[in-house]
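What follows is a single structure, written as structure tokens, with notes after it.
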Amino acid sequence: MKTQEAFTDTEGGMTEILRSLDQECKNCSPVSPLECISNCNVWKLRNELRTLCETMETPHYMKDLLNVLKNDTRVAILQTTAKGKYSVSRLQQELKKAGYLHSQETLLEEYLRPLLNVGLIAESQEQFHTTTFGGRLTDLIENLPEFTDVLPAHSECYEETILKALQEGPKTFEDTRRFIPPKIVSRILKRLKTTCLVKTPKDRDYIFFFRSKRDQSKETLTETENRIYTNIPEEGISAKKLAQKTELSLRRTYKYLRGLKGKKLVFARKTPKTYALTEKGERLAWLLNEMHRLVEETMSFSEEFAKQKGNT
């Protein structure tokens, strides 16, 4: 008899998996219907998929899922129930060993109930276990244990939205206003910088100097001015990089740039500050992307299953 791992490990397409489940049921000869419901893992997987299909169709599911996961105790519960079935009292004992001290009522209402609501755990005969979907998400989170510490709980998940957007490449302040409400962009970006998930260039590095279209021959340049002028590329350059390129001090570089600006041979342009992911931010953005991919894959699988059952 197949287990729930069929959903996780099968390499075939979705239709093949569903056909395999149907075939498994046809070949099964339970002694009684009760035995089928109690012991058949295929039946349990079918039931899990039906429930997931309904759960994932609720508005703001992804936001609710992320907020549920941003909690150390809930993650500990997922890791524990992935090992087997636990009653509330036994789960309380296991969590106590890891330093989580909660009453049974608190465990049920504050931690287990939210996990049930988003389909990460299931309950059977007053015992709780991680669903297949919950198990796969738990494995993902283990790759980045600090996930629960760096993002705010009970949020609208604007930080997650920005991180996913920056995964495509650096964005300006104006760019980020397209993804979240403009009024809170500054606050969200500041929070992401504070947690070392996002970085910006130093101020002087985003002020670039360009050569103007004025004819150089109309002006008399000193040797050092000419050295500065000829080392300014068409696409512009920051003073710091220009100093490195000409092997002059940054102070002298600014001095001669001012002289060239006075002769209208050089002009400065302040390019928009960009926001990019740090290494830590890239890891977290990857995790968020994998979570979204897994949710979409599971939803598609569940919907196909529900559709197929509706046509039989």
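Which far-off residues, 5 or more places away or on another chain, put their amide H under 5 Å from the one on residue 278, with H placed in the peptide plane?
It is 198, 199, by chain and number.
Report the GluC sites (Glu not before Pro) located in the range 214-308 that are in a DSSP loop and have at most 12 other Cβ atoms inside 10 Å of their Cβ, or state none.
234, 235, 247
Compute the distance in nm between two label points, each set 7 Å from the Cα along the Cα-to-Cβ direction, one at residue 174 and one at residue 294.
Simple spin-label model gives 3.9 nm for this pair.
So what J values fall out for the range 114-120 if you push phi through Karplus, 6.51 cos²θ - 1.76 cosθ + 1.60 with θ = phi - 60°, rounded to Hz, Gly and Pro as x?
Along the range 114-120, the couplings run x, 5, 5, 5, 9, x, 8 Hz.
Shape verdict for the range 203-272, please, from the Cα gyration tensor: rounded (a/c under 1.5), prolate (a/b greater than b/c) or oblate.
It is oblate, given that a/c is not under 1.5 and a/b is not larger than b/c.
Per residue of the range 214-221, in order, report the coupling 6.51 cos²θ - 1.76 cosθ + 1.60 (Karplus, θ = phi - 60°) as ³J(HN,Hα) in whole Hz, putting x for Gly and Pro.
Listing the rounded values in order: 4, 5, 4, 5, 7, 10, 9, 10 Hz.
Report relative contact order for the range 203-272 in percent, whole number only (criteria: Cα-Cα under 8 Å, sequence separation at least 6).
Once divided by the residue count of the range 203-272, the mean separation gives 51 percent.
Explain nothing, just compute: Karplus ³J(HN,Hα) = 6.51 cos²θ - 1.76 cosθ + 1.60, θ = phi - 60°, for every residue of the range 67-83 in order, whole Hz, x for Gly and Pro.
5, 5, 6, 7, 7, 4, 5, 5, 5, 5, 5, 4, 5, 6, 6, 6, 8
What length, rounded to one decimal in nm, is gained on full extension from residue 245 through to residue 216, with 0.36 nm per residue of separation minus their alpha-carbon distance?
8.4 nm
Where a number appears in this text, it was derived from the coordinates with a stated rule and is not lab data. Predicted model, so just to flag it, every value in this text is computed and none were measured. Here Cβ is always computed from backbone atoms with ideal geometry, including for glycine, and neighbour counts include all displayed protein chains.
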